[in-house]
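Colleague: After the C-alpha cells below, expect a handful of questions from me.
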Amino acid sequence: MSTRTRFAIATGAAGALGALAVAATRTGRNVGTQIGGIPDGDRLTRMQRSRQWRDGRFRNRDRRAGDTPAADSIGARDVARRFLIERPQRGPNAPVPLASEGVELPTEGLHFSWLGHASVLVSLGGERLLFDPVWSERCSPSPHVGPRRLHAIPCDLSDLPPLRAVVISHDHYDHLDMETIRSIHELQPVCEFVVPLGVGAHLERWGVEPRNTIELDWDECHRVGSIELTAVACQHFSGRGLHRNNTLWSSWAARSPAGSVYFSGDTGYFSGFEELRDAYGPFDVAFMAIGMYDPAWRAMHLNPEEAVQAGLELGAGLLAPIHWCTFALAPHAWSDPPERFVTAAEEAGVAYVIPLVGQPVAVAEPPRTKPWWRP
C-alpha cells in the first residue's frame with residue numbers, strides 16, 4: 001500500500017477519497033462520474049422535508065455524536081500517526097479461503113452468504129436481497145489509487161441469481177460501487193435499488209432507470225414481493241466528494257414470512273437499538289459491522305464489543321459480522337475484528353457465525369465457526 005493511500009485512509013477515507021476524485025477530474029482523468037449526482041428538484045424538496053435534515057444537510061439524531069468523524073476530540077492527525085507509523089499486520093498472512101457455492105441459496109427458509117466486506121446475499125423464502133455490493137478491485141474513485149481488495153471476489157456478478165432488490169446503506173465507496181451498480185442494472189434490468197434519501201441521484205447519473213430506484217427516509221417502508229424493507233436509524237455520515245451529508249445513511253430491517261433480518265451498514269453505537277427491536281424485531285439474524293473502527297471514529301463505527309452489545313439490544317437470534325476482511329481502511333490489525341468479536345460474543349453467550357467468504361449459511365442451523373482467519 002502506497003504512502004498516499006495510507007494517508008488518505010488515515011485522514012478519513014470517505015472524505016480523502018472524495019477529494020481524490022475531485023482532483024482526478026480536474027486533471028482530466030475520467031473518474032469524476034464516480035462522485036455521482038447532486039440531488040435537486042423534487043428529490044431535494046423531499047430530502048428537505050425529512051426530520052433528519054437540518055441546516056442544509058442530514059444530521060445524526062444524537063447531536064453529541066456530531067456528523068463527521070472529525071467531530072471526535074482525538075482528531076485526524078492522531079489517526080494518521082498511528083496508520084503511518086504503527087503498522088500491525090493489516091492484511092492476511094495467507095490467501096483468504098473462499099467458497100463458491102454461496103450464490104446457490106435454498107428457496108425455503110432464511111439463508112445468506114457473506115460475499116466480503118459489507119456485501120451480503122440474503123434469501124428469504126427464495127426471494128433474494130443483495131446488500132451493499134462492491135465487486136471492484138478498489139473502493140476508490142480511481143482504479144489506480146486507494147484501498148485494494150485483499151481477496152478475490154467469490155463469484156462473478158453474472159453468476160448471481162435473480163434479485164428482488166439491491167439495498168444500499170449509504171454512499172461511501174466501500175458500500176456503493178458505481179461499476180457494480182451499473183453491471184447489476186444491465187444484467188438484471190427489473191431489479192430494484194432501495195436506497196436512503198438522495199442516493200438515487202448517484203444511481204440516476206450512472207444510468208439506472210428512475211423507475212428502478214426507491215428512496216426511503218428512516219422508518220419508511222417498501223415492499224418487494226413478500227419482503228417489507230424498512231430504512232431504520234443509525235449513526236454515521238455520507239459523502240463521495242468534498243461535500244458531506246448531502247445524502248442520508250441508513251441501517252435496514254427486512255421482514256417476510258420466511259424470517260427477519262437486520263443489516264447495520266455503517267453505524268456507531270447509539271441509544272436506538274432497543275427501539276429498533278421493539279419496532280421491527282426481534283431479528284433472526286443481524287449483520288453487524290465489526291471492523292474499520294478507531295478511537296477517533298468511535299461515534300461513527302461500531303467496534304467488535306459494541307457490535308455484540310448492539311446485537312443483544314436488537315434481540316438478534318444470530319450475529320453475523322461484516323465490514324472487515326476485504327479492505328484495510330483503519331489502523332487496526334486485519335485479524336483484530338474477528339478475534340475481539342468472538343471473545344465478546346462468547347462472554348455474552350450470544351450465538352454467532354463467521355463463515356468463509358461465499359459460504360452459504362442456514363440461519364436456523366448455522367455451521368460451527370472455525371477460526372479460518374488465523375495463521
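Colleague: What is the set of long-range amide H partners of G91 at a cut-off below 5 Å, with H atoms built 1.01 Å from backbone N?
Modeller: For G91, the qualifying residues are W334.
Colleague: What's the extension gain from D219 to H144 if we count 0.36 nm per residue and subtract their Cα-Cα distance? Could you put the intermediate results ahead of the total?
Modeller: Details: separation 75, 0.36 × 75 = 27.00 nm, distance 3.88 nm.
Working it through step by step, the gained length comes to 23.1 nm.
Colleague: Now for a separate question. Which three numbers, in whole Å and largest first, are the semi-axes of the equivalent ellipsoid of the chain derived from its Cα gyration tensor as √(5λ)?
Modeller: On the way: eigenvalues 141, 124, 91 Å².
Ellipsoid half-lengths, sorted descending, are 27, 25, 21 Å.
Colleague: Same structure again: Taking 0.36 nm per residue of sequence separation and subtracting the Cα-Cα distance, how much length would be gained by fully extending the chain between T343 and S226, in nm to one decimal?
Modeller: Between T343 and S226, full extension yields 38.4 nm more.
Colleague: I want to verify a result. In a Gaussian network model of the chain, Cα cutoff 10 Å, which of these has the top mean-square fluctuation: V195, V363, V285?
Modeller: V363
Colleague: What 222 nm value per residue comes from the helices of the chain, counting each DSSP H run with n ≥ 4 as -39,500 (n - 2.57) and dividing by all residues, nearest 500 deg cm²/dmol? If you can, show how the numbers build up before the last one.
Modeller: Numbers: 9 runs with 87 residues, N = 375.
Estimated from H runs of four or more residues: -6500 deg cm²/dmol.
Colleague: Considering only the stretch 144-237, what is the antiparallel percent among its DSSP beta bridges, to the nearest 5? Please report the intermediate quantities before stating the final value.
Modeller: Details: 4 of 11 bridges.
DSSP beta bridges in the stretch 144-237 are roughly 35 percent antiparallel.
Colleague: Count the DSSP beta bridges whose two residues both fall in the chain, then state the antiparallel fraction as a percent rounded to the nearest 5. Spell out each step's value before the answer.
Modeller: Details: 30 of 49 bridges.
DSSP beta bridges in the chain are roughly 60 percent antiparallel.
Colleague: Suppose the chain between R374 and A99 were pulled fully straight at 0.36 nm per residue; how much longer would it get relative to their current alpha carbon spacing? Kindly include the intermediate steps, with their values, before the conclusion.
Modeller: Numbers: separation 275, 0.36 × 275 = 99.00 nm, distance 1.70 nm.
So the chain would gain 97.3 nm between R374 and A99.
Colleague: Hey, with R₀ at 45 Å, roughly what FRET efficiency would L84 and D156 work out to, going by the Cβ-Cβ distance, to 0.05?
Modeller: With R0 = 45 Å, the Cβ-Cβ based efficiency is 0.80.
Colleague: Continuing with this model, one more query. Grab the beta carbon distance between R182 and A279, set R0 = 35 Å, and tell me the FRET efficiency rounded to 0.05. Can you show the working numbers first?
Modeller: Details: r = 35 Å, r/R0 = 0.99.
After rounding, the FRET efficiency stands at 0.50.
Colleague: Please give, to one decimal in nm, the separation of the simple spin-label points placed at E137 and T33, each 7 Å out from Cα toward the Cβ.
Modeller: Taking the simple label geometry, E137 and T33 are separated by 1.9 nm.
Colleague: Here is a follow-up. Put +1 on the Cβ of each Lys and Arg and -1 on the Cβ of each Asp and Glu in the chain; which of A362, T230, P282 then has its Cα farthest toward the positive end of the dipole?
Modeller: Checking the options against the dipole of the chain, the answer is T230.
Colleague: Turning to a different aspect of this structure: What nm distance separates the two modelled labels at A351 and D55, each placed 7 Å from Cα along Cα→Cβ?
Modeller: Those two pseudo-labels are separated by 4.5 nm.
No value in this document is a laboratory result; all are computed from the given coordinates. These numbers were taken from a predicted model, which means no experiment stands behind them. In this analysis, Cβ positions are derived from the backbone assuming ideal geometry, glycine residues included, and neighbour counts consider all displayed protein chains.
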